[in-house]
Amino acid sequence: MPIVKTHSYHEGGRYASCKERREYLEKDCRHIYRDTINVARPDSWDLELDLSRKIYALHGNRTYKEYVLSPKDTDNATVELVRSFAFEWASTNFPEYEVVIVLHDDNRGRIQRGEEGIPHAHVIVNMIDLVTERKLRMPMERVRELHNSAQRIAERMGISRLEDYERGVWKESHREYRFSPREHQMKLRGIDTWKAVMKDMAIQAKGHSKSLGEFQRCLRMADIDLQVRKERIYLVDRDNRDRAIRADRLDRSLSAKELSRAFEHSLNVDLGRNARIREKRLSAELKREIELNRKDSANEDRRRAFFAEMRKDRAKPKRTKERAPKRPQRRQASFAERGKALPKNSRERTKSTMRREPEGLHVEREPRHEGFKHEK
């Protein structure tokens, strides 16, 4: 199972030149074999590759690329097999570039555990095409071809292979990295995460909707908002705004392209003959309608909250406190708290108003002047 691992090195970074990289690859003669392609002086390959870049003076700060080819430990691949595999792979994919292949078998982690190392190859590719004198470019089609060619060569040599990378194919394994490790563990235990619940709600709402507005209303009933952020469609939980995720990451059928195709009849777009222009216009109109509908729903929610507050203010407030008792009842309660009985006549009231003096001596208060008789 050959794994193709890629490294890119730049000016000003670590191992910026081939000379620095050679000091690591061939330190203390740790390498087993060294093969070259389109290199005139193999013993000083690092100086030759660095000099070639200076001569051609290419734009950009990328200096060279390195590919690590490693088989699976269960393949029990020998050094000679890995050497022939790496040379064939490099000569097939980079026949017009300066290439250096260095073989190792000292895996640091396996040696620390007391295990034998796995032979692997480091393929150094300079950035200059010697025929066209242009810089090496790596579009996605070529990246897929590098992987697929390694699997074909491995199958021919009797080594186990991986699946080929295909363009435009979304597999279930590709969606696993969308979930965090904690959410993945919850999924294994059978517990639904908020992303899984949101995905099911959105797919059901799309299936029961005939227009974009109806789709958004169904999502609002499930407490989910559909928003556009930086030209991307997001699903947002209305109760917890931190729970937001791109719709196309949850499911491919929720992308802008698929939604515009599903609700094409409800979008007022002047469709052209070109399919690409048609998809762009539909996608732009879809995002515009999403924002308009979202703002209308937000204004409607604010309007409802405002009128509810007005009705609440106009309503007569209910009495929350009990009515205060009348004065005689309050007086009787105060006497009861002090452990005394309420006096019934004026004589007892007079005694109750006497000033308390030392024991054996009681002094009555002076009677209040009630005025002269003629004033009465």
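Some notes on this structure:
- Just one of (1) modelled with pLDDT under 85; (2) surrounded by fewer than 15 Cβ atoms within 10 Å (Cβ to Cβ); (3) not small (Gly, Ala, Ser) fails for residue 193. It is (2).
- Residue match in the stretch 9-22 (condition: closer than 21 Å to residue 155 by Cα and either free of Cβ contacts under 8 Å to residues at least 12 places away in the same chain or under 37 Å from the mean Cα position of the chain (by Cα) (or both)): no
To keep it simple, each residue is scored yes or no on (1) under 39 Å from the mean Cα position of the chain (by Cα); (2) modelled with pLDDT under 85.
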{"site": "86", "(1), (2)": "yes, no"}
{"site": "91", "(1), (2)": "no, no"}
{"site": "106", "(1), (2)": "yes, yes"}
{"site": "111", "(1), (2)": "yes, yes"}
{"site": "122", "(1), (2)": "yes, no"}
{"site": "126", "(1), (2)": "yes, no"}
{"site": "133", "(1), (2)": "no, no"}
{"site": "136", "(1), (2)": "yes, no"}
{"site": "142", "(1), (2)": "yes, no"}
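- In the condition set (1) modelled with pLDDT under 85; (2) surrounded by 15 or more Cβ atoms within 10 Å (Cβ to Cβ); (3) touching a Ser or Thr at 6+ places or on another chain (Cβ under 8 Å), residue 211 is compliant with all but (2).
- Of the helices (runs of 4 or more DSSP H) entirely within the stretch 44-152, those holding at least 3 residues that are under 22 Å from residue 12 (Cα atoms) occupy 45-56.
- Cβ pairs under 7 Å, 6+ apart, first in the stretch 224-237 and surrounded by fewer than 19 Cβ atoms within 10 Å (Cβ to Cβ), second hydroxyl-bearing (Ser, Thr, Tyr): 227/234
- Residue in the stretch 148-158 that is open to solvent by less than 20 Å² (accessible area, probe 1.4 Å) and within 21 Å of residue 39 (Cβ to Cβ) present: no
- Long-range neighbours under 8 Å by Cβ, at least six apart or interchain, first residue on the phi < 0 side of the Ramachandran plot and modelled with pLDDT of 70 or more within the stretch 292-304, second surrounded by 11 or more Cβ atoms within 10 Å (Cβ to Cβ) and of a type in the set (S, T, N, Q): 293/216; 294/216; 294/227; 297/216
- Subset tally (residues that are under 21 Å from residue 264 (Cα atoms) and touching a residue at least 24 places away in the same chain (Cβ under 8 Å)) for the stretch 238-250: 1
- Residue within the stretch 108-118 that is crowded, with 18+ Cβ neighbours inside 10 Å, touching a strand residue (DSSP E or B) at 6+ places or on another chain (Cβ under 7 Å) and closer than 22 Å to residue 142 by Cβ present: no
- Of all residues in the stretch 8-31 being touching a Ser or Thr at 6+ places or on another chain (Cβ under 7 Å) and part of a strand (DSSP E or B), the one that is most open to solvent (accessible area, probe 1.4 Å): 10
- Output for the stretch 43-68, where each listed residue is surrounded by fewer than 12 Cβ atoms within 10 Å (Cβ to Cβ), more than 43 Å from the chain's Cα centre (by Cα) and either of a type outside the set (A, V, I, L, M) or at pLDDT 95 or above (or both): 43
- When the stretch 69-87 is filtered for residues that are crowded, with 18+ Cβ neighbours inside 10 Å and aliphatic (A, V, I, L, M), the ones remaining, listed by number, are 69, 77, 82, 86.
- Count - residues of the stretch 238-281 that are basic (Lys, Arg) and either at pLDDT 75 or above or open to solvent by less than 30 Å² (accessible area, probe 1.4 Å) (or both): 8
- Test result for residue 286, surrounded by 17 or more Cβ atoms within 10 Å (Cβ to Cβ), at pLDDT below 85, in contact with a helix residue (DSSP H, G or I) (Cβ under 8 Å, 6 or more places away or on another chain) and farther than 21 Å from residue 210 by Cβ: no
The values are calculated or read from the model by the stated rules, or taken from the named source; none is laboratory data. Keep in mind the model is a prediction, meaning the values are calculated, not measured. So basically every Cβ, Gly included, is an ideal-geometry build from the backbone, and we count neighbours across all protein chains shown. Side chains included, ligands, DNA and RNA excluded: accessible areas come from the protein's heavy atoms. Shrake-Rupley method; radii C 1.70, N 1.55, O 1.52, S 1.80 Å.
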